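The values are calculated or read from the model by the stated rules, or taken from the named source; none is laboratory data. Quantities reported herein were computed from a predicted structural model and do not represent experimental measurements. Here the Cβ positions follow ideal geometry from the backbone for every residue, glycine too, while neighbour counts run over all protein chains shown. Each accessible area value is taken on the protein alone, full model and side chains, heavy atoms only, with ligands, DNA and RNA left out. Shrake-Rupley method; radii C 1.70, N 1.55, O 1.52, S 1.80 Å.
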Amino acid sequence: MNLDELYQEIILDHAKRPRHFGPLTDATVSVHADNPMCGDEVDVHLKLNGEGKVEALNFTGNACSICTASASIMTGKLLHKSAEECRTMSHQFQQMLKSEEAVTVPKEFGDLKALSGVRKFPQRVKCATLAWHAVEDALKEAGA
Ligand code: ZN
């Protein structure tokens, strides 16, 4: 299996069986985001603990494979992170998708790297970043 196939497999796995998918009854903030270009609709449900760290992060909605996979991987990566760490990772992720050349990403990216190929399809970048923008909005709304 080459790297492209492996990445494809990771994306399909998360798209078919998204992690942390479902409502969060005690969310601090929920934010809706949509991407009319593709038809993606995502709601991000964020719960912060007393220290301002992510205690729970879920998502719901109806979105394409890229968008769903990105949200699914994201919810796992941002758990237990501070608002600042979430923003940093979000910016690094967006940089990975928007740069013309492949960029080096932190080791902790793990499965997120599977989405690096999206940068070759600029019209899909919005799909991959939708849930991340929603989380940034949610953090802002929560005052974190
Ligand atoms: Zn999409």
| said: With angles folded into 0 to 90 degrees, how steeply does helix 122-141 sit against the dominant principal axis of the chain? Use alpha carbons for both and round to 10. | reply: 20
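Let me have the relative contact order for segment 34-99, percent, based on Cα pairs under 8 Å that are six or more residues apart. Mind dumping the intermediate values first?
On the way: 70 pairs, mean separation 17.6, N = 66.
Dividing the mean separation by the residue count of segment 34-99 yields 27 percent.
Among the listed pairs K16/K77; K47/K98; K120/K140; K107/K140; K53/K120; K98/K140, which are separated by more than 25 Å between their Cα atoms? Walk me through the numbers before you get to the answer.
Values: K16/K77 18 Å; K47/K98 29 Å; K120/K140 30 Å; K107/K140 27 Å; K53/K120 33 Å; K98/K140 23 Å.
Beyond 25 Å between Cα atoms: K47/K98; K120/K140; K107/K140; K53/K120.
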| request: Consider a paramagnetic label point 7 Å from the Cα of N2 along Cα→Cβ; state which residues of segment 69-111 have an amide N under 20 Å from it. | output: 101-103
| query | Just E108, E84, E41 to compare: in a GNM of the chain, with alpha carbon springs under 10 Å, which one fluctuates most? | reply | E108
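Using only helices, what value at 222 nm comes out for the chain when you add -39,500 (n - 2.57) per DSSP H run of length 4 or more and divide by the total residues, to the nearest 500 deg cm²/dmol?
Working: 4 runs with 64 residues, N = 144.
Using -39500 (n - 2.57) per qualifying helix, the result is -14500 deg cm²/dmol.
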| note | For E108 and E9, extending 7 Å from Cα along the Cα-Cβ vector and measuring point to point gives, in nm, a value of 2.7
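Within the accessible area of the chain, what % is carbon and sulfur when the probe is 1.4 Å and the other protein chains stay in place?
Details: 3810 of 7620 Å².
Of the solvent-accessible surface of the chain, carbon and sulfur hold 50 percent.
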| Helix axis angle, 65-78 relative to the chain longest principal axis, alpha carbon, degrees | 50
| query | How much net charge surrounds H32 when only the other residues with a Cβ under 10 Å from the Cβ of H32 are counted, with Lys and Arg +1 and Asp and Glu -1? | reply | -4
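Based on the Kirkwood radius over alpha-carbon pairs, what is the Stokes-Einstein translational diffusion coefficient of the chain at 25 °C with 0.890 mPa s viscosity, in µm²/s? Walk me through the numbers on the way to the answer.
Numbers: Rh = 15.0 Å.
Here the translational diffusion coefficient equals 163 µm²/s.
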| query | Any idea how far apart Q92 and K53 come out in nm if each label point goes 7 Å out from Cα toward Cβ? | reply | 1.7
| Residue (of A128, F109, A144) at the positive-pole extreme of the chain, dipole from beta-carbon charges | F109
| query | Counting pairs of alpha carbon atoms under 8 Å apart in space and at least six apart in sequence, what relative contact order in percent does the chain give? | reply | 28
| remark: In a Gaussian network model of the chain with springs linking alpha carbons closer than 10 Å, the residue among A114, A69, A128 that fluctuates most is A114
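Quick check: net charge around K47, other residues with Cβ under 12 Å of its Cβ, Lys/Arg +1 and Asp/Glu -1? Each step should come with its number before you reach the end.
Numbers: positive: K53; negative: D26, E55.
Taking every Cβ under 12 Å from that of K47, the sum is -1.
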| request: Using only alpha carbon pairs under 8 Å that are at least six residues apart, calculate the relative contact order of segment 1-63 and give it in whole percent. | output: 29
